[in-house]
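**Student:** Please see the structure below; I have some questions.
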Amino acid sequence: AKAEGKDRHQVFDPRMRREQAGRIRMVERLREGLEADEFTVHYQPIVTLRGGRSVAFEALVRWTPPGQDPIGPDRFIPAAEDSGLIVCLGEWVLRRACADAAPWFHTYGTTITVNVSPRQLAEHDFADKVRRALDDSGLPGAALTLEITEGVLVRSGAHAELTLAHLTELRSAGVRVAIDDFGTGYSSLAYLRDLPIDFLKIDKSFMPDDPTDAQQGALVRAVVDLARSLRLVTVAEGVETAHHAELLRTLGCDRGQGWLFGRPGTAAAASLRLVSEATV
Ligand code: C2E
Ligand code: CA
Ligand code: CA
Ligand code: CA
């Protein structure tokens, strides 16, 4: 239905036509950026809510065209997905992240989590690529978690079957799977229970912006309870305040990620963080 709407507007709506032209330019720039090595990967700690240790880092891609400020992924991932460039970019991020994370895992047992888009999972050789990235960096499967969104698995059809096959194969090699942005998608509980999943990442939109708002508190409780009832490790995103962390601890959430614990930073910054955690 979405594609149909696009086609219709392409003909009649000048605003949509401009947007389309902008997208095409963006895809051209992305392609050039990939050629010219303009991408980097930043890392954000995921900490245990009891203990505060960095048990994992999430890899988040950044694009820095020469002479410009870094562009956040929200601005180019959609174009990368539409154009299929995400397959190439995603593989690059995966390989970069595995290489950066190898010493962290070998020294501290810290794992790495990488976002994977549906387009990547629909490729026949996705599992092979992941295994190659692990082999080339000297990491075991257990060092890696793949983050996917709920819709990817709940949708039916050939793509969902291929996705499921990839994830099942990788999981038997020790790779773990996280559902990203939990609570914003389909939330078919019976479904989730039967899928090859290890972590649920509770979307940051559930973090209350007002600590005195009982309704917001009830909502975050409901979603944490839901996640825990599936007997999966729960990770809260968007933990910005001490109040958030305290609330999540009370609710029995396992891990947290957010500005309170650390913003995304370079690989060097992540290494320093691990060193300083180990020496306290
Ligand atoms: P995400 O996977 O949900 O990643 C978490 C986003 O929340 C990141 O934004 C992170 O910087 C931001 N964040 C972290 N802590 C806080 C906090 O306390 N408060 C708030 N408000 N935000 C916080 P970022 O890096 O801009 O990435 C945006 C999205 O782009 C990601 O959302 C993910 O969906 C996508 N993305 C990033 N890197 C990749 C990638 O390598 N591949 C793919 N396919 N998607 C990626
Ligand atoms: Ca993510
Ligand atoms: Ca998320
Ligand atoms: Ca997201």
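The values are calculated or read from the model by the stated rules, or taken from the named source; none is laboratory data. Please read all numbers here as calculations on a predicted model, not as lab measurements. No Cβ is skipped: glycine too gets one built from the backbone with ideal geometry, and neighbour counts run over all protein chains shown.
**Student:** Being in contact (Cβ under 8 Å) with a residue 40 or more places away in the chain and either in a helix (DSSP H, G or I) or within 12 Å of ligand 1 (Cβ to nearest atom) (or both) narrows it down to one residue among Leu164, Leu139, Leu170; which is it?
**Tutor:** Working: Leu164 fails: in contact (Cβ under 8 Å) with a residue 40 or more places away in the chain; Leu139 fails: either in a helix (DSSP H, G or I) or within 12 Å of ligand 1 (Cβ to nearest atom) (or both).
None of the other options fit; the residue is Leu170.
**Student:** Please specify each residue of the stretch 242-271 satisfying the condition of being without any contact (Cβ under 8 Å) to a residue 60 or more places away in the chain, crowded, with 21+ Cβ neighbours inside 10 Å and not in a helix (DSSP H, G or I). I'd like the intermediate steps shown before the answer.
**Tutor:** We begin by selecting, within the stretch 242-271, every residue without any contact (Cβ under 8 Å) to a residue 60 or more places away in the chain; these are 242-244, 246-247, 250-252, 258-260, 268.
Now restrict to residues that are crowded, with 21+ Cβ neighbours inside 10 Å: 244, 247, 258.
Answer for the stretch 242-271, where residues must be without any contact (Cβ under 8 Å) to a residue 60 or more places away in the chain, crowded, with 21+ Cβ neighbours inside 10 Å and not in a helix (DSSP H, G or I): just Gly258.
**Student:** Does Leu167 fit the bill of being away from ligand 4 (no atom under 16 Å from the Cβ), buried (at least 17 other Cβ atoms within 10 Å of the Cβ) and under 16 Å from Ile197 (Cα atoms)?
**Tutor:** yes
**Student:** How many of the residues making up the stretch 176-210 are part of a loop (DSSP other than H, G, I, E, B) and either near ligand 3 (Cβ under 9 Å from one of its atoms) or of a type in the set (S, T, N, Q) (or both)?
**Tutor:** Step one: list which residues in the stretch 176-210 are part of a loop (DSSP other than H, G, I, E, B), which gives 183-188, 195-198, 203, 207-210.
Next, only the ones that are either near ligand 3 (Cβ under 9 Å from one of its atoms) or of a type in the set (S, T, N, Q) (or both) stay: 184, 187-188, 203.
Looking only at that region, the number is 4.
**Student:** If you don't mind, there's one more thing I want to ask. When you go through Val239, Val275 one by one, which is the residue that is part of a helix (DSSP H, G or I), modelled with pLDDT of 95 or more and more than 19 Å from Thr149 (Cα to Cα)? So that I can check it myself, show each step before the final result.
**Tutor:** Numbers: Val239 fails: part of a helix (DSSP H, G or I).
Just one listed residue meets the conditions, Val275.
**Student:** Quick test of your reading of the structure: Asp7 fulfils all but one of (1) acidic (Asp, Glu); (2) modelled with pLDDT under 95; (3) buried (at least 19 other Cβ atoms within 10 Å of the Cβ). Name the failing condition by number.
**Tutor:** The number of the failed condition is (3).
**Student:** Something else now. Inspect the stretch 23-42 for any residue being more than 24 Å from Val116 (Cα to Cα) and modelled with pLDDT of 95 or more and give the result as yes or no.
**Tutor:** No; the residues of the stretch 23-42 include none that is more than 24 Å from Val116 (Cα to Cα) and modelled with pLDDT of 95 or more.
**Student:** Which of (1) surrounded by fewer than 18 Cβ atoms within 10 Å (Cβ to Cβ); (2) of a type in the set (Ser, Thr, Tyr); (3) more than 20 Å from Ala269 (Cβ to Cβ) does Thr145 not meet, given it meets every other one?
**Tutor:** In the conditions (1) surrounded by fewer than 18 Cβ atoms within 10 Å (Cβ to Cβ); (2) of a type in the set (Ser, Thr, Tyr); (3) more than 20 Å from Ala269 (Cβ to Cβ), Thr145 misses (1) alone.
**Student:** Residue pairs, Cβ under 7 Å, 6 or more apart or interchain, first in the stretch 94-121 and within 16 Å of ligand 4 (Cβ to nearest atom), second in a loop (DSSP other than H, G, I, E, B). List them.
**Tutor:** If the second residue must be in a loop (DSSP other than H, G, I, E, B), the pairs left are Arg119/Gly84.
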